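To start, the structure under review is shown below, and the notes come after it.
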Amino acid sequence: MRVQRPLVILIIILSIFLLSGCNKILPLFKDKKPEVISNLSASSIMMDSNEIRSQTIQIINNAKKSIFIELSAIDDQEIINLLISKSRNGIKVHILLDQWQRENSETVKYLKNQNVSVQYYPAQKGQYQRIRYLVADYQVAVFYGNDWTAKGFATHTMAIKLTGDAAWTIAKSFDKDWSYTTTLSLGLPETMNLPQDNIIFTLSSGVKPQLLKQINAASKEIIAEVEQISDPDTVEALVQAKKRGCTVKLIVSPSCAVATPNTIKKFKESEIQVRYYNSPNKIPMGFNLSIFDNKTMMMTSSSWTYYSFVINHEGALIIPSPTASESISKVLSQEWENASLP
């Protein structure tokens, strides 16, 4: 029996379709890549200075092998003495601090006299060391919004505790900074078997691109509590987010009225909602945090300025966690209610 030509063509097409797979023939029906989600819990985010300090002391106390610290400044005598004690007991303690902070002069002298390995981060002229973290035993890390000083612990600050592979990433970053400072490697293990947490840790020149990526990807809402916003590209990205329909709420320091009046004016003209931080207890603001679409949060070590992005030694965490973002969003919403209008 003679087979009709159209039927032959149909059989050939179906054969190719079945042998090649649906995804190659119909790319429109490809499965979407699953969203990357971090398993960071809301309880890993600390927003109370007393809790942050006590957790810091506990982590240092529990360290069995190594303690890496990179901060702007330390003057908390209890923590300093604890670090000396751990060093004497054979724990590898290594500390990097900012050379321009007054508190560090006495701290560094005292620690060196006690044979604790402490150095100034080799900042260039006009550069500040602003990144703040602690890593214990290569597997537990805390990323801080402020320093271990009387002033730092007296601010409305926050810290994020990490127990996944981001802690190992930060440990390796410290090793690079230590090698850059001293030309000596710390001899880290080749690998650490830690659970994947899908948290991005980025430094200096990587902070701004990550921030712009999050702003540009937002489709519904951006809420941020940042001491100062003046970087032109970031300001423009926020304006464009508003134009495409995002709700943009910014809580900034009252000092911005004098420091960046043109930026505040541009935000107002763009119908971006701006308020000045106002604590009922008159506690100064001490962290820089943003939440995008209530599912991704980003914590930076400093404000969103040219100096932060280009000059200083800075850092940031990007955490794609709807659970954590929703929890912190409630805190920022309350702070929005407390904030004052420009």
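What Kirkwood radius, in Å to one decimal, follows from the Cα pairs of region 215-269? It is 11.4 Å. Here the Gaussian network model covers the chain, with springs between Cα atoms less than 10 Å apart; of Q240, Q214, Q99, Q240 fluctuates the most. In the set [x] 43, 29, 17; [y] 36, 20, 17; [z] 40, 24, 20, the label that goes with semi-axes √(5λ) of the Cα gyration tensor in Å computed for this structure is [x].
Applying 1/(1 + (r/R0)^6) with R0 = 41 Å to the Cβ-Cβ distance of D293 and T163, what FRET efficiency is obtained, to the nearest 0.05? Walk me through the numbers on the way to the answer.
Details: r = 26 Å, r/R0 = 0.63.
Calculated transfer efficiency: 0.95.
Within the shell of other residues whose beta carbon sits under 12 angstrom from the beta carbon of V108, the net charge comes to -1, with Lys and Arg scored +1 and Asp and Glu -1.
Scaled against 2.2 N^0.38 Å for its residue count N, the alpha carbon radius of gyration of region 143-230 is 1.35.
Taking Rh as the Kirkwood radius computed over C-alpha pairs, what is the Stokes-Einstein D of region 94-181 at 10 °C in a medium of viscosity 1.306 mPa s, expressed in µm² per second?
113 µm²/s
Summed over all non-identical Cα pairs, the Kirkwood treatment of region 200-338 gives a radius of 14.9 Å. A simple packing score, the average count of other Cβ atoms within 10 Å per residue, orders the peptides 113-120, 188-195 as 113-120, 188-195, with the highest score first. Equivalent-ellipsoid semi-axes for region 278-342 (Cα gyration tensor, √(5λ), whole Å, largest first): 21, 19, 9. Computed from label points 7 Å out along Cα-Cβ, the spacing between Y180 and N89 is 3.2 nm. Taking amide H as placed 1.01 Å from N in the peptide plane, the amide H of N146 sits under 5 Å from that of M158, each at least 5 places away or on another chain.
In this simple spin-label approximation, I37 and E236 carry label points 7 Å from Cα along the Cα→Cβ vector, and these lie 3.6 nm apart. Only Cα pairs within less than 10 Å get springs; with that Gaussian network setup on the chain, which residue of A141, A237, A150 has the largest fluctuation? The residue with the greatest mean-square fluctuation here is A150. Centroid-to-centroid, using Cα positions, region 212-285 and region 101-122 are 37 Å apart.
At 222 nm, what helix-only mean residue ellipticity would the chain give, in deg cm²/dmol to the nearest 500, using -39500 (n - 2.57) for each DSSP H run of four or more?
Numbers: 12 runs with 132 residues, N = 342.
My calculation for the chain gives -11500 deg cm²/dmol from helical runs alone.
Compare G206, G152, G245 in a GNM of the chain, Cα atoms joined below 10 Å, and give the one with the largest fluctuation. Of G206, G152, G245, the Gaussian network model singles out G245 as fluctuating most.
Laboratory data are not the source of any read-out in this text; all were calculated from the coordinates shown. All figures in this text were calculated on a predicted structure; none of them were measured in a lab. Don't worry about glycine lacking a Cβ; one is built from the backbone with ideal geometry, like all the others, and counts go over all protein chains shown.
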